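A.B. asks: The structure under discussion is supplied below as structure tokens; questions concerning it will follow.
The values are calculated or read from the model by the stated rules, or taken from the named source; none is laboratory data. Nothing here was measured: the structure is a model prediction, and the numbers come from that model. Cβ placement follows ideal geometry from the backbone for every residue including glycine, while neighbour counts extend to all protein chains displayed. Surface areas here come from the heavy atoms of the whole protein model, side chains and all, with no ligands, DNA or RNA. Shrake-Rupley method; radii C 1.70, N 1.55, O 1.52, S 1.80 Å.
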Amino acid sequence: MTAWLVRRCAAAIAIVFAVVTLTFLLIHLAPGTPFVPSDERVLDPAVVDGLRRQFGLDRPLGVQYVRYVVALLHGDPGYSFSLRRPIGEVLATTVPNTLLLSGAALAIDFLLGAAIGLYQAARARHRADVVLGNATLFLYSVPTFWLGLVLVLVFGQHLAWFPVGGDRNPVLYPSLSLLGRLGDRAWHLALPALTLGLVGAGGTARFQRAALLEVAGQDFIRTARAKGLHERRIWLVHTLRNALLPLITLFGLALPFLLTGAVLIETVFSWPGMGKLAADAIFTRDYPVVTAAALLASVMVVLGSLVADVLYSVADPRIRLGKGGARA
Amino acid sequence: MKEPLLRVRDLKTYFVTERGRGTARAVDGVSFDLYPGETLGIVGESGCGKTVTSLSILRLIPEPPGHIRPGSFIEFEGRNLLTLSPPELRAVRGNRIAMIFQEPMTSLNPVFTVGDQIAEAAIVHQRLSRRAARARALEMLRLVGIPDPEARLDDYPHQLSGGICQRVMIAMALVCHPQVLIADEPTTALDVTIQAQILELLERLQAELGMAIMLITHDLGIVAGSADRVVVMYAGQVVETAPTPELFTRAQHPYTEGLMASVPRLDRPPAARLHSIPGNVPAATDWPSGCRFHPRCPYAWDKCRAEEPPLLETGGAGHTARCWLVAEPQRRMRRS
């Protein structure tokens, strides 16, 4: 187990390093540069040159790369050109926001999705299954930003039950009590989390239903029935436990989303998270921010597959790490 | 004779085939009795309906596409199993009637230990505590002759061999001391040496626990060694039933004769070519008219094509055969 973990971590560091290098190269090779004059910002070319020198952009790419990597290894991700703040400071506000939104969305996605899938599988080919099957197919195929806009229109605009954007009430928030603040955050969180969660739950439910029905046709489920077990126990214990394995893979693949954030939904709901930050940084050619976002994303991808592997070995004795069966 | 323990009458299990291509009459009017403490062999080729018959007894046929026709009747302990409510049926399954299957490796749940899987039935049916059920599981593993049972209790199925898995299945089936054990091809997936061990084990357990065994197999050798009585099935019907010695000495149905001639025997010259029955089992959606065996039967005449024979008394004790030859034995002579 320990040797396996060490090997996995070494591979993870190599992957992250490769991603950082590639991102650094690609964003520098992309057309366009930072500090370009725009319609609102008329800049003297001399000023632009001064800024480029200040951030070291006038040096050869190799030198810039070595400088960046050395700083990164010292824990300094750099300074944002467009926000004019250290990136560490920027991430300290955006990462928690994204964690909150994505975490809530993932929870809705997997809890609701798994529950719907289980309900459908236990009533396969009955009316409830067909109705829910159409509903999940609809959710699965709807673009998130469209569903987000519709929810904003209905629940934010017409019914005015929820705010249309932002992560907190910008005026009242500082004056609220702790409970009031929590309520305010939850109230702002509801629509974007529901949008992401529902679309995800549509896919998860379809996946879970198929996995359950595949397991339900196996010989050992017939054995469980021949033993005289209650249908509820057959589904919840014997079938579900086996059908969770593919769901864990899905979960591992979804984990990176916790930190990368959802670009479109964060934009639709003006949610100050990583997705919005990264998208804005790409448009302004804010090189250090783009690289930092890619760094976080790759760390999460690697971490996600590691978590999935560990969960897998907990759930399936056949691939339990260390003692007994085959090694993963 | 004693009262039967299990009485199957006119069992019909049909399957609706996909795209409405008709109804497969997999089991079509099967009747037989199972007496306390006996071993009843059910024999036939693949597709003759023997497995569907055994699954129908515990209502393990997947519905849809399968269904047991109204009018079918399976009496056990004074009740019709086919009309029991779900809770009543659960109280019979695994408790009064238990079942083991052909593929022991896939019939055990891969994510639970064998100890938990054996204990489960005892917890559900006898309301034993976890600890008592675990002790009972250990006792059962010992009973079925698994070496080092304490260590095996916490093993997962993938860590065990096929023969050990089948022993675990037997331990699991017998944990509540059922009256009836249905064994559906219990040795087909195993090595020959392991086959003999499993059959010996079943015999020993039957002597110790006194349950009746319904042994479903395609192997007449197994029947000859283990069964007290035999039911031969063909095309969803019982075609012959007799005590084992009677069947092996005086088989009446040409199908049974064909099955016997296709088994290698020590009392025949080894050089002789084994007999094979011409043709295949017909499709269950479209059984032949008259006697269902007539297209493959060497003796068939007009009557066989037109009229379906009933099960006729052959004169031997408890020996019946579904063949017109029983009524007109001279026809057998004429051909030979």
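A.B. asks: Go through (1) within 20 Å of B:LEU58 (Cα to Cα); (2) open to solvent by 40 Å² or more (accessible area, probe 1.4 Å); (3) in contact (Cβ under 8 Å) with a residue 24 or more places away in the chain; (4) at the interface with another protein chain (Cβ under 8 Å from one of its Cβ atoms) for B:GLN102 and report which single condition fails.
C.D. replies: (4)
Matching residues to (1) more than 19 Å from the chain's Cα centre (by Cα); (2) open to solvent by 60 Å² or more (accessible area, probe 1.4 Å); (3) within 27 Å of B:ALA317 (Cα to Cα); (4) more than 14 Å from chain A (Cβ to nearest Cβ):
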| site | (1), (2), (3), (4) |
| --- | --- |
| B:ARG130 | yes, yes, no, yes |
| B:VAL144 | yes, no, no, yes |
| B:LEU160 | yes, no, no, no |
| B:VAL168 | yes, no, no, no |
| B:GLN206 | no, no, yes, yes |
| B:MET214 | no, no, yes, no |
| B:VAL223 | no, no, yes, yes |
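A.B. asks: Given the conditions (1) open to solvent by 50 Å² or more (accessible area, probe 1.4 Å); (2) in contact with a helix residue (DSSP H, G or I) (Cβ under 6 Å, 6 or more places away or on another chain); (3) at pLDDT below 90, and given that A:LEU178 satisfies all but one, which numbered condition is not satisfied?
C.D. replies: Only one criterion is unmet by A:LEU178, namely (2).
A.B. asks: Of all residues in segment B:76-91, which are away from chain A (no Cβ under 13 Å), open to solvent by 50 Å² or more (accessible area, probe 1.4 Å) and part of a helix (DSSP H, G or I)?
C.D. replies: Passing the criteria: only B:THR83.
A.B. asks: Filter segment B:157-189 down to residues that are assigned to a loop (DSSP other than H, G, I, E, B) and over 19 Å from B:PRO110 (Cβ atoms), then give me how many there are.
C.D. replies: 9
A.B. asks: Given the criterion under 13 Å from the mean Cα position of the chain (by Cα) and open to solvent by 50 Å² or more (accessible area, probe 1.4 Å), identify the matching residue among B:SER54, B:SER46.
C.D. replies: Numbers: B:SER54 fails: open to solvent by 50 Å² or more (accessible area, probe 1.4 Å).
Just a single option satisfies the conditions, and that option is B:SER46.
A.B. asks: I would also like to ask the following. Return only the number of the condition from (1) touching a residue at least 24 places away in the same chain (Cβ under 8 Å); (2) open to solvent by less than 50 Å² (accessible area, probe 1.4 Å); (3) touching an Asp or Glu at 6+ places or on another chain (Cβ under 8 Å) that A:GLY88 does not satisfy.
C.D. replies: The one condition A:GLY88 does not meet is (1).
A.B. asks: With the requirement that a residue be open to solvent by 80 Å² or more (accessible area, probe 1.4 Å), closer than 15 Å to A:PRO288 by Cβ and at pLDDT below 85, what does segment A:23-79 give you?
C.D. replies: Result: A:GLN54, A:ARG59, A:TYR79.
A.B. asks: Take the conditions within 30 Å of B:ASP286 (Cβ to Cβ) and open to solvent by less than 10 Å² (accessible area, probe 1.4 Å) and apply them to B:GLY66. Does it pass?
C.D. replies: Here the answer is yes, as B:GLY66 does meet what is asked.
A.B. asks: Going through A:VAL263, A:VAL290, A:VAL302 one at a time, which residue ends up being out of contact with any Phe, Trp or Tyr (no Cβ under 8 Å at 6 or more places or on another chain), surrounded by fewer than 20 Cβ atoms within 10 Å (Cβ to Cβ) and among the β-branched types (Val, Ile, Thr)?
C.D. replies: A:VAL263
A.B. asks: Select from segment B:231-263 the residues that are more than 21 Å from B:LEU215 (Cα to Cα) and not in a helix (DSSP H, G or I) and write down the one among them that is most open to solvent (accessible area, probe 1.4 Å).
C.D. replies: Top of the filtered list is B:ARG250.
A.B. asks: While we're looking at this one, here's another question. Can you tell me which residue in segment B:277-336 is nearest to B:MET260 (Cα to Cα), limited to those that are exposed (fewer than 12 other Cβ atoms within 10 Å of the Cβ) and basic (Lys, Arg)?
C.D. replies: Taking the candidates together, the pick is B:ARG335.
A.B. asks: Quick one: in segment A:223-257, which of the residues that are at the interface with chain B (Cβ under 8 Å from one of its Cβ atoms) and closer than 15 Å to A:SER313 by Cα is surrounded by the most Cβ atoms within 10 Å (Cβ to Cβ)?
C.D. replies: So, considering only residues that are at the interface with chain B (Cβ under 8 Å from one of its Cβ atoms) and closer than 15 Å to A:SER313 by Cα, the one surrounded by the most Cβ atoms within 10 Å (Cβ to Cβ) is A:ASN242.
A.B. asks: Follow-up. For segment A:5-15, check the following and say yes or no: at least one residue is in a helix (DSSP H, G or I), in contact with a helix residue (DSSP H, G or I) (Cβ under 8 Å, 6 or more places away or on another chain), at pLDDT below 90 and charged (D, E, K, R).
C.D. replies: Looking for residues that are in a helix (DSSP H, G or I), in contact with a helix residue (DSSP H, G or I) (Cβ under 8 Å, 6 or more places away or on another chain), at pLDDT below 90 and charged (D, E, K, R), one finds at least one in segment A:5-15, hence yes.
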